[in-house]
Amino acid sequence: MNIGLIYIIILCIWNSILFFDNSTGINVLLFTIPLLIYLFYIFKINKLIYNKWGLLFFIPIIILSIHYLIFNNVFDELNIIAIPCLYGLMYIFTIRPTDNLIVIIDNMVKVFLMPLECCENIANYVIKHISNLFHVTDNSKRVIKSLIIVLPIVFVVLALLSSADLVFGKLFSWLFNIIDDISVPEITGRFINMFFLFFYMSITVYYLVNKFRDTSKVTYKDINIDEFTIKLLFTILNIIYIVFDIIQIRSLLLHRVSGGIVYSEYARQGFFQLMFITFINLTIILLSKKSKKNKYNTSMSLFMIVLTLVIIFSSIYRMYMYESAYGYTVLRLGVYTILFSEIILLIPTIIYILKDKFNVLKYYMIICITNLIPVDYVIARINVDRYYNKNKIDLPYLENYKYENVSILKELYKKTDDKVIRMELEDYFKILDENREKNIFEYNVFKNDSYKRLK
């Protein structure tokens, strides 16, 4: 295998050892030095050093890395921005030296963003070297490439579903207990960290070597996903979702929770993970159209929509159980809004699956833009209604110095017999009245209505 590729793999493992779940310190310097040695090797072997003075940027990069070893102050955060910028300037002044500020800024954007177009090149490059090493056939190359794409996605989905549902998590506990001393989040985090760092370092080096020194070579291509990869991904994920949905129906709707799990604890968790799963599924369905269209992928896409709908309803029910016990907040209402939006998003997604030409992103944008609600008004309305029914209310949370909920709070003031609530609301109304707008440029519909009510 190419020595440069092996070096990047070693750097990614070294990065995971140094930084994962650790604060910054000497680890920054310990990673910087081997990285700079590797970059110098790449520059030299590919004859990219058109200006030796550009290599002087090594010095400030090392100095700022030493800063993490000696000091601990506000510059730690600033250096997170400064060090990557110095790397960018090093690439520019070493490979394509220029004194034009506009060109420098343009090249800086290119060295950070343009490498993303080389992802397919790197995937093919890695597979080629692995196949040459093990004498892999063309068909096996295709399978390996598919597994490289599919397995990380499946692993992330399993981790999310396992953390969202205790019963489902028990089914796959054997998978996550293979390494007893390492937790699931740590395994996932380290893998994702190394995976993305490997690809970003690889595509950056590929771009610098093959395209940056001659920008006329930079072209854009549509993503073309292998048909076998999509079929494999759909098949595995849909099987997982079938098992998960059966558990949801049995556990949530039929209240059949086994294994000593308390139902109230079981139901009031997992909605965030399930919400994220829906976005993963929509992304996979959208990308599947980049593959060759066939009946299997179409059927699997529609089947995934049905399974995703069950997942969304499961998440909604879990959130309902949670807010029934603890009341509404902005975050909980936001989850509801996103979940119901996801249901609406499934409609244009189905049309996108069935029609050859359909601009689904346009409809996604329209749905997201029109999904505007008076958040504070709705939260106040629901929490005040909850007070009428259960005599429970978190008044300090509603007193957020926003004006959407004034009409609801005034209603509460008139109807409640609780003197403490009335006194607290009186003080709050006085503060709001004192903060009325000073000129016409501060005019707001809810504020203006609130001032009239406060009189």
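The values are calculated or read from the model by the stated rules, or taken from the named source; none is laboratory data. A quick note: this is a predicted structure, and the numbers were derived from the prediction, not measured. Here the Cβ is made from the backbone with ideal geometry for all residues, glycine too, and neighbour counts use every protein chain on show. What goes into the accessible areas is simple: the full protein's heavy atoms, side chains included, and nothing from ligands, DNA or RNA. Shrake-Rupley method; radii C 1.70, N 1.55, O 1.52, S 1.80 Å.
What the table shows:
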item: Extension gain, Ile280 back to Ile242 (0.36 nm per residue minus Cα-Cα distance, nm); result: 12.1 nm
item: Cβ-derived FRET efficiency at R0 51 Å, Ser16 paired with Ser407, nearest 0.05; result: 0.40
item: Under Karplus coefficients 6.51, -1.76 and 1.60, residue-wise ³J(HN,Hα) of segment 412-424 in Hz, glycine/proline x; result: 4, 4, 6, 8, 7, 9, 6, 5, 5, 5, 5, 5, 5
item: For segment 1-66: rounded, prolate or oblate by the Cα gyration tensor [a/c cutoff 1.5]; result: oblate
item: Integer Hz, Karplus 6.51/-1.76/1.60 couplings in order for segment 18-34, x for Gly and Pro; result: 6, 10, 5, 6, 10, 7, 6, x, 5, 4, 4, 5, 5, 8, 5, 4, x
item: Per-residue ³J(HN,Hα) for segment 4-10, Karplus 6.51 cos²θ - 1.76 cosθ + 1.60, θ = phi - 60°, Hz, x for Gly and Pro; result: x, 5, 4, 4, 5, 4, 4
item: Solvent exposure, largest accessible area first (probe 1.4 Å, DNA, RNA and ligands not counted), of Tyr206, Tyr387; result: Tyr206, Tyr387
item: Anisotropy class of segment 1-117 from Cα gyration tensor, a/c 1.5 cut; result: oblate
item: Above-threshold pairs, the threshold being 19 Å between Cα atoms, out of Lys392/Lys414; Lys110/Lys145; Lys390/Lys415; Lys145/Lys170; Lys295/Lys357; Lys419/Lys452; result: Lys110/Lys145; Lys145/Lys170; Lys419/Lys452
